Every structure is written in structure tokens, then in C-alpha cells.
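The values are calculated or read from the model by the stated rules, or taken from the named source; none is laboratory data. Predicted, not measured: the structure shown is a model, and the values here were computed from it. Neighbour counts are summed over all protein chains in view; Cβ atoms, including those assigned to glycine, are modelled from backbone coordinates with ideal geometry. Side chains included, ligands, DNA and RNA excluded: accessible areas come from the protein's heavy atoms. Shrake-Rupley method; radii C 1.70, N 1.55, O 1.52, S 1.80 Å.
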Amino acid sequence: MRSIRAWMLRLGSLFGGERHEREFAAEMESHLQMHIEDNLREGMSAAEARRQAMIKLGGVEQTKENCRDRRGLPFLEVLLQDLRFGVRMFVKNPGFAAAAVITLALGIGANTALFSVVNGVLLRPLPYRDPSRLVVVSLFNQKTQETFPLCDADFLDWRAQNQVFTAVAAFSGARFNITGSGAPEQVLGDEVTAEFFSTLGVKPSLGRTFLPDEDRPGSPRAVVLSYNHWRRRYGSNPGVIGQTIMLNGSNSTVIGVMPPRFLPSAETELWTNLVMDPPTFRGPYYLTGQARLKPGVTIEQARAELTTIAHRIAQQNPLTNSNMSFRATPLEEAIVGNVRPALLVLLGAVLFVLLIASANVANLMLARASVREKEVALRAALGASRARLMRQLLTESVLLAAIGGLLGLFLARWGLRLLLEFGPGNLPRLEEITIDGSVLGFTCLISLASGVLFGLVPAVQSGRSDLNQSLREGGRSATDGQGRGRVRSILVISEIALSVILLAGAGLMLKSFLRLQAVSPGVNPNNALTMQLTLPQRQYHEHNQMISFYQHLLEKVQSLPGVESAGVGMSLPPNLLEVTDYFTVEGQEAASERMLGLADLVFASPDYFRALGVPLVKGRYFSAADRADSRKVAIVNRTLAHHYWPNENPIGKRLKTGGAERPNNPLMEVVGVVGDIKYGGLDAAPEMVLYEPYQQAAWPSMYLVVRTSSKLSNPATLASAVQSAVWSLDKDLPVAHIRTMEQLLSESVEQPRFRTVLLEIFALIALSLATVGIYGVLAYTVSRRRHEIGVRMALGAKRTDILRLVVGQGMVLTSIGAAIGVAGGFVLTRFLSTLLYAVRATDPATFVGVVLLLVAVGALACWIPARRAMRVDPMVALRYE
């Protein structure tokens, strides 16, 4: 504790730079007194003796400077003089300058780094022609307020009846196996209609994009490569145009290469033409629509037309579309809408940090101005105007801010690298985040603004100094004026209030994140290894071929040492659902609100649920007897069972996928009910899920789930053995997305974790700065009130009285700041509502905890100067005065 106290005392003396200023003032006062005595011996009056002494003390150069200033010295030359003087003062006071610069660099650097993210993600225009005219179109259930992808029939009807868009397109994410040239690998891509690229208004860097008729039935497979994929796999070889590559076992001709940063996600590596056959029914739902508004057409007009088209479709298809409407969203909103609130909240938080840093430096400047009071008074007496003095002090402040901004820019480059390295990988437009001209301009602006902000108050206070009071004999030990002390107190209260708001926000985010992580995903993530396989449709085009491959694979994997169970399914939690489709329940065909359901379809093997650790609620899991030639069966999740059979046993009930336009779809008997799995994310409400045995409804793209023995500390150690089992069946089949279930769950909360950690860091910086602010004010007050404290102790005050005096002063400031902060927090934390999970923005427990934390830290900051005050020797203090 003694070493901490000594360090804090040294830090306080460095902040004030008192030693150099006292030496300067003492020297000036000594020379002044000497000249006054000489003038008095010559018979001058006291006032005339002081005036003449001050003129002599100024010297020839100072007098010349004042005279030239009155005649109108060029602004640039005056500025250079002020800058040179400021640099000299900082060299004489390196402790003060270093403390101020480091404090500002932290605030400016944090703002610059985060503004780089905001600029790249939110502010920079999308790299498309007139991006404000682009919209994304999806289906919207007006009854449940849910948003869905389009089906083929919805897209084709919309495109045929469109009157307000110049171009209409659709796309769907897909996985592609690349084989035949180089090592086999699986990449993410999109299947797109022919007008996809022309809608965006972007031309390829090489080759061409799809022709208008290349999405019609019978069109050959063509592929457009992303710039990154072209460089990575094909070494930037322009000769790849026109070559044939193997995608999912089918020949595909490379026709073009897109420019860099074409899409907001770098994961998309290629695009193939989506060939649509005329649909015979509505569903499944997997497409995202995109369109470009005609010139002069507003998005409100487009929404009105889409509503009209949806109404026509609903009249023709009442069973599937009675509650459905089209929803048009600006493309930029669709891309960054989910992250905009979080980034704006973080930007506001980091601006608070800069304000707290500026308040801290302003307090340092006020303390330094008190020490320089005699210097300023002498300059004023020698003829310097108040404006001239204020300009000099503001120049020093701006110079400090400029140095802090330069150092902050280097900190920002380092901080930005950390943000990009440890930030969420699913952040949109990640590759566009950089420090460019806009960011440099922002840095210059906030540096200038912070310099004026923390320098203006000390400059104004110095300009109001009383010359006689400042130059009187006992001035060096006089306490500060009430105005200056009041300003320092207001600055500390402001720091505390801003810190309370930041701490409250950080506390709410932390509590929300902890509750989100505590949510059960519906599976047992321990000892579960997952990977993704996509069978080439050309090689495995028959249903039996796919079933045979997966059966042999599961047999091989289950025989591996350390494997308890293994299964395949077409989806994994969280956020990995593939297909949504309608279903009807037998006995509920009458027109009613429960007549037609919309569920996520998952095709799974018998051990899929055991491998994931999904609990069985009723009935049974799938078995090997649920083959393609046996009766059709299904398993439903708890949410679906409760919705359609709330007071009945769902086992034995029957349902089928599809609406009235698919009357030949077979009925499936419900043989089991399983627990809800968080396919839609940990923070999403449970969705209705319908499971079918993969032997009755095979799917080429499946996830392999392997549950290992608890003796294996890390299930990832089995990854190579499982890969070998896959390649023993098909040496050209890529094994992709190898993750443990714990990794998948961790990746799903990357964004909430990212914003929570950042807000916690900003709050801790704010708390540290506020603590230093409280300590600095009290330490300075104690040093300036040594005489008063000595008098109190000489008159009988006890050390505990002095302790209460100093701590009480600090705790009053802390209490006022905390009260203001709580009031502000109740207002501002409401902006966090959309980012919180299972926590109210005005959670009382969080605010109480923040106040208690701040009071404890404030008491510690008060206690150290109070201990120093208690050790004042009355005789030494009075003799000094």
C-alpha cells in the first residue's frame, strides 16, 4: 500500500508540473522584489516602483514582442511564436505533457479505431451502381410477424407482374465441391438468376456474367468466380476463363471473375446460374429476391405494388399465401441493419471515453494554470492582452491534442488490427474496414475539438485572474479562487456521471451475454464433433446411392475407437437451417388459423438425435426399420406438438408436407416428440421443426455428428480419423466446416461477445480516468490547503477530522456525479434495448451494483490524499507560510 501511495503522489506531482513552475515563479518574484527596492531607494512611490520594476523585468525582447503584437504581427508568425513557447513549456514539464498526451491518445485512438469500423461498415457506400435504388425482397407473414425466403413460384409471379423495378433477380446460398483440378475442396457460393449481376450494376474484372437466357430450363452450368477465389485457387491466371471445372460432380464453364470486395461477405467464392423449372406447387422456401427501382419510383411505391401482387397471389392460393405479403428492404439495411445499433452504441460509448479524457486533461490544465498564475499575471502586467494570453494557452492545448492525436493514430492502427483479428468473422463488409482519408479527417477533427474543449475553460479562467492578488507577497500559498475550484469540481462530477452511464451499459451487456450463454441450445455440446459433406449430384443422383454412402460412412465412423454414436442430418444448431416448407395435419383440413403450418424440415439418420444429445420427450427415435419402402414416419419437436395437439398425445397422429396443390404427398405418422433445438439461434424463440428419416427423404448435403467418449478431452482429435473414413469411400469428397459443437455455439455468439467485451473495456477506461480525476483534484486541493490544514490541526483538529474533511469532499463529488449518471443512464441505456437478452434496460440491480462499485473506487481515490493530509505537520505548514 505504501508503494502505491508513493506512486500516486509522484504521479500527482508530475501532472501538476509544480516544481518547474515554482522555480520560475520564485525566480521572477525575486527579481521583481529587487527592482522594487532599487526604485524605492530612488524616491519613487510604491505603485510607481512596482510598475517600473515590472517593465525592467520584461526585458528588451519581451517589450519588443508586445509592441510588435500591437502593430499587427502576421498571424502565422504569432502562431509560430506561440507554438515555440508551448514546446518549450512542455519540455520544461515533461511529466505533465506525457500524462496529458497519453490520456488524450487513449481517447482519440479508441475513437479512431472504432470510427474506422463504423466508416467501413455503415458509412462507406456499397460498391454498386446507385446502391440506394437496390432493395431486397422476402416474404412476410402478417399474422406471426415472421420473415421467410421466397419459393420459386412466388419469385416467378412477382417477376412476371413487376411494374416498378428495372431488374429483378433471386439468389440462394449453396455449398460446392470443387474437384478435378487441384485438391478437392468445398466452398460457399450462391446460385443466382441471370439478372443478379445486372441488378447490382457491377461488371466483371474478367470475362462476362450470365446472359438473360442462362437461367432457363436446359441451360448449361456456368460459373463466375470471386476475385479472392480466382487468386487463391487459380493463381490469378486469366486463362481460366473458358475452362471447365467440376462443381458437385457436374461440368461448369468459368465465364467471368468479379472485382475485389464485390460482396459484403468474403465467404462467397463463386456464383452459378440458377435454372428454374416451371413450379407445380408452392415451396420449398429458400430464395432471396433482389431488385433495382426504376428512376423516379420510391420504395413506398414499390411496397404498395408488392402488396398488390401479394394480394393477387393470395386470392389464387389462399391455403399457402392468405397471410403472406412481400417485404421490400433497402439493400444497405438488409446487409448492415443487424449490426448498426451495436456499432452506434459502441461509437457513443467511445465518445464518452474521449469526453472523460478531455475533462481529465482540462483538470490538469486548470491545476497547471494555478501554478502558472504569477507567470500569466506578469505577462499581463507587461502589456499582453487577455486575448493574447488566451490564444497562447489555447495554442498549447491544441498542440497537446495534436500530439495526442498523432500518438492516438498509431494506437488506432494497432487497435484496429486487434479488432479485425479477434472481432466477429460474420461482421458484414469486414474487408472494407481500413484507415483511409475519411478516418484521418475524423482523427484531425476530434483532436482539434478535444484541444479546444479541454483548453478553453483553463484559458478563460486564467484570463480572469486578479493581477494584484496573483502578484501579492503571499500569493503562492493562497488557495484557489472559488470559480476555479468550482470548475474543477464540475469536471470531476461530469467524469463520474459519464462513467456511471458507461458502467451501467457495460453491466447490462455483460448480464445479457451471460444469460444468453446460459440458454440451453437443446443439445449436449460436450464431446460432439461435426463436419459437413455434400455429395455430387451427378455421381449420387439416385436416392439409393446417397443412402448407401451415408450408411457405409456411419458404420465406419461408429467402429472408430472412442466413438459412442454417429448420425447425419441436414441441419445443425445454431443458425444452420436449410429448408422451410408447409405442412397440413390430418383432421384439421377445415379453414382455420391452425389449418396450414410452416415448419423447418430436417432429414436425419436414426442416431442423429443421440449424437447431438437431444432428449426424447415421447415415443421413439428413428430406427433402421424406417426405410424408403416402409410406412412414412416423422418426429416433431415439442413446439410443433404443443401447437397442434396441446391437450392430446401426438404419437400416432398423421401429417404431410405441402399444401392443397400437393395432394399426392403421403401422410406421415408421428412416432416421436423431441426437445426443441435452437436452430434459429440462442436468442430466438423455438420454431416448429419436422424431422423425416433420411432413408425416406435423402438430401445430398448433410452434417455428420460424432459423439465421442468422455475419456477424450477434445473430440477434435478424431477429426483426421473421420476424414480418412470419408475418403476411404470417396477420395474426391471434401470434408468441410470441421467444428466441435462447443465451437459452433461459441461462433454463434461472436457478435454479442464482441460488443460486450468492447463496452467493458471502454467502461474500465472510463472508471480509471474518473478515479484519477477524483484523486487528482483532492491531491491538488490538499497541496494548496496545507496552511489551512495546519491551522486546523494547531487549533485542535484531530487527524480523523482531517480525514473526514478530505474524504467527505471527494464523496460529495462522487455522490453528485453518481446521481446524475444514474438519471442519465435510465434515459440512455434504453438505446441498448434491442441488444439485450432477458434483461431490462433499466435493470435496478445493475444500476445499484454500478453505484456501489463507483462509491468503493471513489472512496479509495479519496483515501490516499486524505492520508497525505493527515500527515501534515502544523509547525512546518505554518512556518512555510
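Cross-link partners of residue 294 among lysines, defined as those whose alpha carbon lies under 25 angstrom from its own and excluding same-chain residues fewer than eight positions apart: 203. Residues 329, 147 ordered from highest to lowest accessible area at a 1.4 Å probe: 147, 329. Using a simple spin-label model with pseudo-atoms 7 Å out from Cα toward Cβ, residue 747 and residue 648 lie 4.1 nm apart.
Only protein heavy atoms count here; on that basis, with a 1.4 Å probe, residue 333 has an accessible area of about 80 Å².
Calculate the FRET efficiency for residue 276 and residue 831 from the Cβ-Cβ distance with a Förster distance of 45 Å, rounded to the nearest 0.05. FRET efficiency, residue 276 to residue 831: 0.55. Extension gain, residue 83-residue 586: 0.36 nm per intervening residue step, less the Cα-Cα distance, totals 172.5 nm. Taking the DSSP bridge list for the stretch 610-756 and keeping only pairs wholly inside it, about 60 percent are antiparallel. Ordering 762, 748, 789 by the projection of their Cα atoms onto the charge dipole of the stretch 717-814, which places +1 on the Cβ of Lys and Arg and -1 on the Cβ of Asp and Glu, puts 789 at the extreme positive end. Largest accessible area first, the listed residues 138, 571 line up as 138, 571 when surface is computed with a 1.4 Å probe on the assembled protein chains. Distance distribution note for the stretch 290-445: the fraction of Cα pairs above 20 angstrom is 72%. Taking every protein chain into account, the 1.4 Å probe leaves residue 143 with about 110 Å² of accessible area, to the nearest ten. For the stretch 501-651, dividing the convex hull volume of the Cα atoms by the residue count gives 203 Å³ per residue.
Okay, which of the stretch 698-717 sit inside 17 Å, backbone N to the point 7 Å along the Cα-Cβ direction of residue 727? Under 17 Å, as judged by backbone N against the label point of residue 727, lie 717 of the stretch 698-717. At R0 = 41 Å, how high is the FRET efficiency between residue 432 and residue 798 if r is their beta carbon distance? Nearest 0.05 is fine. Given R0 = 41 Å and the Cβ-Cβ separation, E is 0.05. When the pairs 511/678; 143/632; 711/731; 556/618 are compared against a 27 Å limit on Cα-Cα distance, 143/632; 711/731; 556/618 fall above it.
What the stretch 803-881 shows is 51 Å² of accessible area per residue, with the surface traced by a 1.4 Å probe over protein heavy atoms.
Hey, any idea what % of the stretch 304-347's accessible area is carbon plus sulfur with a 1.4 Å probe? C and S atoms contribute 51 percent here. Solvent exposure of residue 263, expressed as accessible area, is near 40 Å², computed with a probe of 1.4 Å over the protein chains only. Taking 699, 727, 414 and ordering them by how much accessible surface each has at a 1.4 Å probe, largest first, produces 414, 727, 699. Using the Stokes-Einstein relation with a Kirkwood hydrodynamic radius computed over Cα pairs, the translational diffusion coefficient of the stretch 186-241 at 4 °C and a viscosity of 1.567 mPa s comes to 103 µm²/s. With a Förster radius of 60 Å applied to the C-beta separation of residue 555 and residue 163, the computed FRET efficiency comes to 0.55.
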